[in-house]
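Taking it in order: structure first as structure tokens, then the write-up.
The values are calculated or read from the model by the stated rules, or taken from the named source; none is laboratory data. Since the structure is predicted, the reported quantities are computational estimates derived from the model, not experimental observations. Positions of Cβ are generated from backbone atoms using ideal geometry, with glycine treated the same way; all protein chains shown enter the neighbour counts. The protein model used for the area step is the full one, side chains on, heavy atoms only, and it has no ligands, DNA or RNA in it. Shrake-Rupley method; radii C 1.70, N 1.55, O 1.52, S 1.80 Å.
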Amino acid sequence: LSPILKFYDTFLCIIAFFLSMIINNNTVMSSLLLLFALLTVHLRLTSAQIGVCYGMLGNNLPSQREVIDLCKSNNIQRMRIYDPNQAALEALRNSNIELMLGVPNSDLQNIATNNDIAIQWVQKNVLNFYPSVKIKYIAVGNEVNPVGGSSQFAKFVLPAIQNIYQAIRAKGLQDQIKVSTAIDMTLIGNSYPPSKGSFRSDVRSYLDPIIGYLVYANAPLLANIYSYFSYSDNPKDISLAYALFTSPNVVVWDGSRGYQNLFDALLDSLHAAIDNTGIGFVKVVVSESGWPSDGGFAATYDNARVYLDNLIRHVKGGTPMRNGPIETYIFGLFDENQKNPELEKHFGVFYPNKQKKYPFGFGGKKDWKIDDALFNVSVPLKSDI
């Protein structure tokens, strides 16, 4: 067990002991219940699942060492990088930041067709750094679509995953480092209602074997989920409040499940699509989600601030279909001035000069405000019981 869970178990034992000794002392019981609520808040905060995607397509970005120091000072404990940048990996040593390490699409063919290259890739970029770099996932390919602009890579994704996995497994690290791939939501054919989510029929021959591998390897599917693009593509049918987590009421009912935000609906449609293949259970990690502050429709500073702040708060819970925290990586760390189109340049949560673009944090002290509502619940006094 982790130290937090061990502490939690010990605390529960102490509560049970005191309750057995003072079960008739209602004042003390009330105090214990309040203390239990405080611990629950603490545990929810420490289980926050937020990471940040570190893209490097800018000619004005700080050094990799400065970036890692910036992340540490802002309590960013998880990071995604899209290729094995050696300077970034060196800077990550002993940082205690968990890493999702990317295999670029351009490397897929060589890794898929030559097992020795896969072994060399793992040695150079994983084993030479692990465990001083806490590599948690290897994302083999990003947003490969078998019927889209990246179709030339599709046939290499699964064999590349398998070769990387075998190289990891040969070192006994398959339970510590999970090998997967990152998809986007264009592979979903039906997303409404969420429980009827399904993959497009023309991508099933590509995805089903990958899902089968993930079941076998007990690895999650990585998914880039953007409420922004769903909203901006269809603003007539999707409200801005629903996209920004600010709707005051349930917007979509799916049987007994109520959806108050678009993020949950999209994520649960993916959960359902996986389940509806009948292959087996696969967890989903949200490998990207964000909102641009400029450069396109509804891409404003205020919308981005509201979305990201609410996303950070929201993923500490679950979705109507799945309980528990949602491991989520915000895209991205910086505005990247070498990306195109213009919209893609404005997803950063920091400016290139390392100043925060938005006032919220990533799991630090400010996050205590997340659960303020718990403290508005009155604890009955002895005379009230």
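See the values below:
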| quantity | calculated |
| --- | --- |
| Rounded FRET efficiency, nearest 0.05, which uses the C-beta distance separating SER205 from ASN323 and R0 of 45 Å | 0.90 |
| Carbon + sulfur, % of accessible area of segment 164-251 - ligands and nucleic acids excluded, 1.4 Å | 47 |
| Förster-model FRET efficiency, 35 Å R0, ASP83 and SER195, C-beta, rounded to 0.05 | 0.40 |
| Cα centroid of segment 161-178 to Cα centroid of segment 231-275, whole Å | 36 |
| Probe 1.4 Å, accessible area per residue of segment 211-277, Å² | 39 |
| Charge context of ASP335, other residues only, Cβ under 15 angstrom, K/R +1, D/E -1 | +2 |
| Å² of accessible area per residue within segment 163-204, as computed with a 1.4 Å probe and no ligands counted | 45 |
| Amide N proximity, segment 217-246 versus PHE297 label position 7 Å along Cα-to-Cβ, cut-off under 17 Å | 226-244 |
| Segment THR186-ASP116, length gained on full extension (0.36 nm per residue, minus Cα span) | 21.9 nm |
| Most to least packed among 78-89, 132-143 [average Cβ atoms within 10 Å] | 132-143, 78-89 |
| Added length on full extension, which subtracts the Cα-Cα distance from 0.36 nm per residue, TRP253 to ASP237 | 4.2 nm |
| Residue pairs, from the table LYS134/LYS155; LYS136/LYS345; LYS136/LYS339; LYS72/LYS354, whose Cα atoms sit over 19 Å apart | LYS134/LYS155; LYS136/LYS345; LYS136/LYS339 |
| Burial ranking of peptide ranges 160-168, 323-331, 55-63 (average Cβ count within 10 Å, highest at the top) | 160-168, 323-331, 55-63 |
| Accessible solvent surface per residue of segment 48-149, calculated while the other protein chains remain in place, 1.4 angstrom probe, Å² | 40 |
| Cα-based equivalent ellipsoid of segment 213-309: semi-axis lengths in Å, sorted from largest, via gyration tensor | 27, 17, 10 |
